[in-house]
1. List F3, F47, F9 from most exposed to least, where exposure is judged by having the fewest other Cβ atoms within 10 Å.
2. How far, in degrees from 0 to 90, does helix 2-24 lean away from the longest principal axis of the Cα atoms of the chain, to the nearest 10?
3. Going through the stretch 1-56, which trypsin sites (Lys or Arg not before Pro) have at most 13 other Cβ atoms within 10 Å and a DSSP loop state?
4. Would you mind ranking Y7, Y63 so that the residue whose beta carbon has the fewest other beta carbons within 10 Å leads the list?
5. What label, among (1) 51, 31, 15; (2) 63, 35, 14; (3) 33, 32, 17, belongs to Cα extents along the principal axes in Å computed from the structure on display?
6. Can you put S60, S10, S55 in order, fewest other beta carbons within 10 Å first?
7. Helix 73-83 versus the longest principal axis of the chain: what angle, 0 to 90°, nearest 10, using Cα atoms?
8. To the nearest 10 degrees, how steep is helix 28-58 against the longest Cα principal axis of the chain, on a 0 to 90 scale?
Amino acid sequence: MVFLAGYSFSSFFLVHGAIWLAVKSDGALQQRAARMAKKLWVPLVAFAVVFLVFSWSETSLYYNYTVMPALFLVPLIAVLRCCS
């Protein structure tokens, strides 16, 4: 599970860095960074989903969510606000 965390966080920071470069630069570098962010987005989501599934099955991290399912609204609202 540790390697999944490493891949998840590495891919997150690669996408974060590419987006930052795309926002802060212009010209060819901006275009390359934006293309790279788009390419890295899919592996980021895949690693994150696999990591979250393994976290669910291997730890008690989500115990509060199972006891109080309304807590699932918090990350859902965050994602919806981010993507809208």
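1. The fewest-first ordering by Cβ neighbours comes to F3, F9, F47.
2. The angle comes out at about 40 degrees.
3. none
4. Y63, Y7
5. (1)
6. S60, S10, S55
7. 10 degrees
8. It works out to around 10 degrees.
Only the coordinates and a few stated rules stand behind these numbers; no lab work does. From a predicted model like this one, the values you see are computed outputs, not experimental measurements. For neighbour counting, all protein chains shown are included, and Cβ atoms are generated from backbone atoms with ideal geometry for every residue, glycine included.
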